[in-house]
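In what follows, a structure is listed as structure tokens, so that the remarks can point back to it.
The values are calculated or read from the model by the stated rules, or taken from the named source; none is laboratory data. If you're wondering where the values come from, they're calculated on a predicted model, not measured in any experiment. Ideal geometry is used to build each Cβ from the backbone, glycine not excepted, and the neighbour counts take in all protein chains shown. Heavy atoms of the whole protein, side chains included, go into the accessibility calculation; ligands, DNA and RNA do not. Shrake-Rupley method; radii C 1.70, N 1.55, O 1.52, S 1.80 Å.
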Amino acid sequence: MTDILVFGELRGGKAKKITKELITAADRIAGELGGEINGLFVGEGAASAAEEFKGYGFKRIFYAEDDALKNYSTEGYAKVVSDVIKSTGARYVLAGATAMGRDLFPRVAARVDGVMFSDCVDLRVEDGRAIAKRPVYSGKVFIEITSKDERPTIVAIRPNNIPPAEPKGDGAEIVKQDSDVTIDTIRAIAKEIVPLAGGRPDLTEADIIVSGGRAMKDASNFKILEELADLLGGAVGASRAAVDSGYAPHALQVGQTGKIVNPKLYIACGISGAIQHLAGMRTSKVIVAINKDPNAPIFEKAHYGIVGDLFEVVPLLTEELKKIL
Ligand SMILES: Cc1cc2nc3c(=O)[nH]c(=O)nc-3n(C[C@H](O)[C@H](O)[C@H](O)COP(=O)(O)OP(=O)(O)OC[C@H]3O[C@@H](n4cnc5c(N)ncnc54)[C@H](O)[C@@H]3O)c2cc1C
């Protein structure tokens, strides 16, 4: 059997956008290899998320929600997820390559004696096996990987790479997963997740990102990027130089040592295009660069380039967009 388990990550009691993308990936495998697709939600909001996803083609949706699981803990969640993998005999487990996914699934893989593929961007089937695609060397090369044996294979997929699934109207069976996790057995727990001010979308899931570099000169100047991002419903990002200079918090850093993003539109303002920055955003569908140096390396990667002073161009762009949006 090639049963698949989709882990639906919750944030603030709601399923993250990646959940629907994982369902599309699961459909691809099940479409070729057969087997049933089950879902799992753990934590606050798990029961209502299970209800919400009833019509997405799952056979069963497991949920675990109690005081010990309300907030994320590696130990507690790893126990519940591995219990469900073992009880369902899932061959493939699909999860988001998110902060939680990166922390949780290596431990789950160890618990179920499974195989872990991190940071994947695509999944397909060939010769009866799922083949995952993932970038290496900071995104310069892609490799395809598959597992040789029948152990559970966990594939962590980066957000924004696979189109989201649409509801299919089939009713899943909702199953409450009993958990023997207690607060006393958990050594470290996330007490609170504090969202970034501004209520903007998560950088890794955003469709549009407006990023600023060293050229921003001051934290207060980021407000021109925020204005543009808010108009477009996007997120604000930053280069490491901007973060190291104290203009933006580290949570906004895009790049090799920051977040890996894959939006539909990435607007780089006053960012030179260093290899470490490109490593975090080079797969963006459309890249627009605003830079006063016509020889800046970012223009080699940009689909559209504006040579000019960002302090003139960005407010102008915002004004013009206001007229049409
Ligand atoms: C191990 C390692 C990891 C790293 N990880 C990351 C990472 O995750 N993310 C990251 O971003 N960097 C990372 N870096 C740093 C990276 O090498 C670069 O130093 C950094 O990306 C440069 O940031 P920047 O483009 O904002 O600054 P700069 O390279 O200084 O570029 C500023 C740009 O702004 C332009 N400019 C200046 N004024 C204006 C204006 N008024 N209007 C328009 N344009 C203007 C300039 O022409 C220039 O191109 C890493 C480095 C190392 C060694």
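Here the stretch 218-256 is the region considered, the condition is being closer than 19 Å to Leu325 by Cβ and in contact with a Lys or Arg (Cβ under 9 Å, 6 or more places away or on another chain), and the residue that is farthest from the ligand (Cβ to nearest atom) is Gly233. Arg187: farther than 23 Å from Pro106 by Cβ, at pLDDT below 95 and touching a helix residue (DSSP H, G or I) at 6+ places or on another chain (Cβ under 9 Å), yes or no? So Arg187 fails the test. Which residues, taken from the stretch 205-218, are surrounded by fewer than 24 Cβ atoms within 10 Å (Cβ to Cβ) and part of a loop (DSSP other than H, G, I, E, B)? Across the stretch 205-218, the qualifying residues are Glu205, Asp207, Lys217, Asp218. Against the list (1) β-branched (Val, Ile, Thr); (2) open to solvent by less than 50 Å² (accessible area, probe 1.4 Å); (3) more than 12 Å from the ligand (Cβ to nearest atom), the condition Thr283 fails is (2). Entry remark, the stretch 198-247: residues being more than 24 Å from Ile162 (Cβ to Cβ) and free of Cβ contacts under 8 Å to residues at least 40 places away in the same chain number 22 in total. Consider the stretch 293-315 and keep the residues that are in contact (Cβ under 8 Å) with a residue 40 or more places away in the chain and within 6 Å of the ligand (Cβ to nearest atom). The one that is farthest from Ile208 (Cα to Cα) is Phe311.
Within the stretch 259-280, the residues that satisfy the criterion of being more than 12 Å from the ligand (Cβ to nearest atom) and open to solvent by 20 Å² or more (accessible area, probe 1.4 Å) are Lys264, Leu265.
Number of residues in the stretch 143-164 that are closer than 27 Å to Asp207 by Cα and open to solvent by 30 Å² or more (accessible area, probe 1.4 Å): the value is 6.
Of the residues making up the stretch 310-322, not a single one is open to solvent by 10 Å² or more (accessible area, probe 1.4 Å), in a loop (DSSP other than H, G, I, E, B) and over 27 Å from Lys17 (Cα atoms).
Scanning the stretch 165-197 for residues that are without any contact (Cβ under 8 Å) to a residue 40 or more places away in the chain, more than 30 Å from Val288 (Cβ to Cβ) and of a type in the set (A, V, I, L, M) yields one hit, Val194.
Residue selection: Ile290 fails the criterion of being buried (at least 21 other Cβ atoms within 10 Å of the Cβ), within 17 Å of Asp207 (Cα to Cα) and in contact (Cβ under 8 Å) with a residue 12 or more places away in the chain. Say we look at the stretch 119-142 and pick out the residues that are in contact with a Pro (Cβ under 8 Å, 6 or more places away or on another chain) and in a strand (DSSP E or B); which of these is surrounded by the fewest Cβ atoms within 10 Å (Cβ to Cβ)? Residue satisfying both the conditions and the ranking: Val141.
The strands (runs of 3 or more DSSP E) falling completely within the stretch 1-78 that include 1 or more residues that are surrounded by 19 or more Cβ atoms within 10 Å (Cβ to Cβ), within 19 Å of the chain's Cα centre (by Cα) and hydrophobic (A, V, I, L, M, F, W, C) map to 4-8, 37-42.
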